[in-house]
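Only the coordinates and a few stated rules stand behind these numbers; no lab work does. For clarity, every value in this text was computed on a predicted model and none was experimentally measured. Here Cβ is always computed from backbone atoms with ideal geometry, including for glycine, and neighbour counts include all displayed protein chains.
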Amino acid sequence: MVTPYKTNLLVHSLTLLGVISAIPALAQDLGEVVVTVSRSEQRSFDAPAAVQSVSRDTIQSSGPQVNLSESLNRVPGLTILDRQNYAQDLQVSIRGFGARSAFGIRGIRLLIDGIPATTPDGQGQGSSISLTSTDHIEVLRGPLALMYGNSSGGVIQAFSKAAPKEAEVGYQYYAGSYGLHRADYQFGDTVGTVGILADYGTMTIDGYRANSFTERKQFNGKLGFDLNEQLHVNMVFNQFDMPLAQDPLGLTRAQLIKDPSAAGTSAISTLTRKAVLQNQLGSSATYTLDQDRSLTGRAYYGTRENTQYLASNKWVGLNRAYYGVGLQYNAHAVWSDIPVNWAAGYEFDRSREYRQGGDTLKGQKSGPSTRSEDNQSENSDLFVQGTALVSDRVSIAAGLRSSSVRFVSDDYYPVSVNDPNGSGNVSYQATSPVLGVTWHVSENLNLYANYGKGFETPTLAEMAYLPKPASNTLLLGQFNTTLNASSSQHYELGTKWVPSDTSRVDLALYQIDTVDEIVVLRNSLGQNAYQNAPGTSRTGWELSGSKQFTPHLALTASASMIDAHYSQSFTSGTTPVASGKQLPGIPQTSLFSELAWTSEPAGAAKRGGLRLGLEMVQAGRIYANDTNTESADGHTVVNLSASQRWNLGKGALTAYARINNVSDERYVGSVLVNQTANPPQSYEPGLPQNWTLGLSLNLPI
């Protein structure tokens with residue numbers, strides 16, 4: 001059924017398409033370069049996939065650079081539910097993959113400078129990305145993302161800024177609503193052939209809701225150097241320290257209506273909170289064999305300590321060590337007069353975490369530990385992919401990845417009747433092929449079609465609990481090896497069109513059919529158990545475009561719609577779920593648009609002056625449970641932004657100001673899926689009207 005909200009979105013999208021294509025304007029280069037699709041540099045217009053790149057300027061102007069949601073909300077098909085709950089991180093999904101996550105990121109691969117920020121089982125945290133030192137972020141959607149292995153419903157890859165040619169220092173400071181204070185310090189230089197970039201930032205916020213104070217500190221350092229003319233090396237060290245993030249929990253509908261700023265039931269009495277310390281060191285090296293061939297290797301090692309206090313009067317502690325290596329060969333060749341770019345490689349990653357748990361009393365550990373186990377995951381993957389220009393108008397992209405993922409759990413806690421031994425192991429294997437064809441209709445128009453087969457294993461966190469027999473709410477701290485890996489078939493049609501030198505339109509249509517989808521069985525007081533649903537279906541479209549109307553006025557916009565539903569009926573616990581029910585956690589529609597005016601013309605060197613922006617962000621209805629009896633209405637938020645840059649010789653001073661949710665609309669920012677409390681605490685409110693002021697200073701030294 002086409003709802004009025006979906007009809008309005010379609011009208012807005014068609015209007016956007018008409019505006020972008022109809023108005024002539026001055027020349028401007030719109031050809032951004034991406035590497036995520038083919039693992040080598042190419043124009044995004046030529047890439048046979050749905051891929052967007054978000055620039056440094058956009059990241060800088062979108063907010064205090066704390067959350068990915070500030071700047072990635074303009075990417076169609078990608079949903080980031082800004083929970084304003086730093087204890088649980090953002091809820092990120094691409095074409096519905098990852099929407100089940102109660103915390104952190106699932107089903108999407110994260111990479112930072114080519115080094116994985118996702119563990120072998122598919123877990124990742126958006127907070128691993130230091131936005132203040134990020135140059136640009138690429139988002140890949142569709143079948144070609146499957147070439148990144150397990151849990152690749154999409155790929156988000158961040159690239160750090162390059163070291164400046166001359167020594168310079170930078171300072172940023174932001175203040176905002178609800179006690180936000182954000183400071184960042186940077187230093188960069190090139191000494192001989194060694195490029196140095198160091199970034200240290202701090203953030204504290206009281207939070208809109210009760211029990212949501214957060215303190216975060218982050219360091220990101222990068223060294224780049226040439227050992228000789230052929231060998232370039234990058235080394236990256238990142239530390240993320242969050243000594244305290246209070247968890248306000250979800251609200252019932254009655255609590256949401258009464259006071260959306262309140263904490264959820266038991267949050268204050270049990271002092272729900274989390275502390276995280278993560279360190280990661282990684283290195284990549286590229287050896288150029290000749291102008292057509294190169295070899296790239298990577299290695300990394302990291303640790304993560306995580307302690308969380310739950311509303312169930314339980315605490316959970318994780319102590320993780322993880323590492324990995326990879327080797328990739330890139331080549332350009334001519335086979336039977338056909339130009340071919342191809343890459344082949346091997347990747348191995350391993351994670352080992354010691355899990356403990358116990359009881360709490362008034363938010364403090366009480367009594368002996370009640371859980372002690374060693375959880376391990378690892379993957380071993382081989383891949384090959386390439387693109388061949390078979391004629392002047394037709395190119396073919398193909399790839400194959402063979403993956404093996406293994407999980408092992410050793411339970412050290414004494415066996416009892418109420419707590420049997422939770423040791424176990426399980427392995428998953430999959431071969432993921434992709435195939436695509438692109439018709440290069442003209443220099444300004446490409447049409448493409450892609451197919452791919454992917455898979456997704458459960459994560460260690462999703463295997464950590466089993467439903468307790470004869471109970472509809474309680475869970476057992478037992479390793480669940482009964483979960484199957486999901487298998488998905490992806491179909492995609494797309495077009496990329498440049499109607500003028502200053503306009504661009506990207507459109508993608510897709511169909512995804514999944515067997516054994518991993519879904520939330522039960523969400524109880526911060527603990528989650530999962531099961532497999534027999535079948536799901538996702539059908540949708542994504543539209544994005546940009547237009548430079550005049551040298552001073554530009555429009556950027558995107559829209560997407562998805563019908564994600566269960567294609568087969570099943571039983572969730574004891575509750576029957578009928579086929580046709582919508583998958584929870586996935587907004588059905590989304591729209592982003594920004595109209596920006598600059599006092600200096602686009603493309604001006606070292607552009608200074610004033611920039612004004614008007615944003616409109618819309619999101620459709622989102623369901624909170626499998627039976628679709630709990631849901632949140634769609635909403636529309638209008639944001640205003642302004643910045644003023646003063647050039648100071650080789651340096652610059654920039655002031656920023658933002659007012660978000662100008663109309664002070666009350667809305668639900670995210671939902672917690674399949675809550676078992678009665679009534680369910682399913683809702684996390686979005687922010688009312690809020691403001692941010694910032695200052696950025698860069699000076700040569």
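I need the peptides 654-661, 101-108 ranked by packing, meaning the mean over residues of other C-beta atoms within 10 angstrom, with the highest value on top.
101-108, 654-661
Size of the chain along its principal axes in angstrom, Cα-based, largest extent first?
72, 58, 57
Take Q644, project a point 7 Å from its Cα along the Cβ direction, then tell me which residues of region 156-198 have their backbone nitrogen under 14 Å from it.
Correct set: none at all.
Sequence-distant or interchain residues sharing an amide H contact under 5 Å with L521, placed H: which?
Sorted by chain and number, the residues that satisfy this are A529, Y530, Q531.
Non-local amide H neighbours of R504 (under 5 Å, H modeled in plane, Pro and chain starts lacking H): which ones?
Long-range HN contacts for R504: S546.
Past the 32 Å Cα-Cα mark, which pairs from K165/K274; K222/K650; K161/K274?
Distance filter (> 32 Å) returns K165/K274.
If you take the square roots of the eigenvalues of the alpha-carbon gyration tensor of region 136-205 and sort them as a ≥ b ≥ c, do you get rounded (a/c under 1.5), prolate (a/b over b/c) or oblate?
It comes out oblate by the Cα gyration axes.
Quick one: W439, W342, fewest Cβ neighbours within 10 Å first, how do they rank?
The fewest-first ordering by Cβ neighbours comes to W439, W342.
For each of L111, L131, count neighbouring Cβ atoms within 10 Å of the residue's Cβ, then give the residues from fewest to most.
Least to most surrounded, the residues fall as L111, L131.
Using a cut-off of 13 Å between beta-carbons, work out the net charge of the residues near A333 (Lys and Arg +1, Asp and Glu -1, A333 not included).
-2
As an exercise, use a Förster radius of 35 Å and the Cβ-Cβ distance of Y413 and T204 to find the FRET efficiency, rounded to the nearest 0.05.
Calculated value: 0.40.
Which whole-number percentage describes the relative contact order of region 4-700, with Cα contacts under 8 Å and a sequence gap of 6 or more?
Taking the mean separation of contacting Cα pairs over the length of region 4-700, I get 12 percent.
Multiply the residue gap between E443 and V384 by 0.36 nm, knock off their C-alpha separation, and tell me the result in nm, one decimal place.
Answer, rounded to one decimal: 18.4 nm.
Could you list the residues of region 166-198 with an amide nitrogen less than 14 Å from a label point located 7 Å from the Cα of S261 in the Cα-to-C-beta direction?
177-180
Evaluate the distance, in nm, between pseudo-label points positioned 7 Å from the Cα of A321 and of I701 along their respective Cα→Cβ axes.
If labels sit at A321 and I701, their model points lie 3.6 nm apart.
Once every DSSP H run of n ≥ 4 in the chain is given -39500 (n - 2.57) and the sum is divided by its residues, what mean residue ellipticity at 222 nm do you get, rounded to the nearest 500 deg cm²/dmol?
Taken over the chain, the calculation gives -1500 deg cm²/dmol.
Order of I59, I196, I562 from fewest to most other C-beta atoms within 10 Å? Each step should come with its number before you reach the end.
Values: I59 21, I196 17, I562 26.
Arranged by neighbour count, lowest to highest, I59, I196, I562 become I196, I59, I562.
Under 5 Å between amide hydrogens, which residues at least 5 positions from F549 or on another chain qualify, with H placed 1.01 Å from N in the peptide plane?
A554, L555
Pairs of alpha-carbon atoms within less than 8 angstrom and 6+ residues apart define the contacts here; what relative contact order does region 555-651 have, in percent? Walk me through the intermediate numbers first.
Working: 198 pairs, mean separation 24.6, N = 97.
With pairs under 8 Å counted, the relative contact order is 25 percent.
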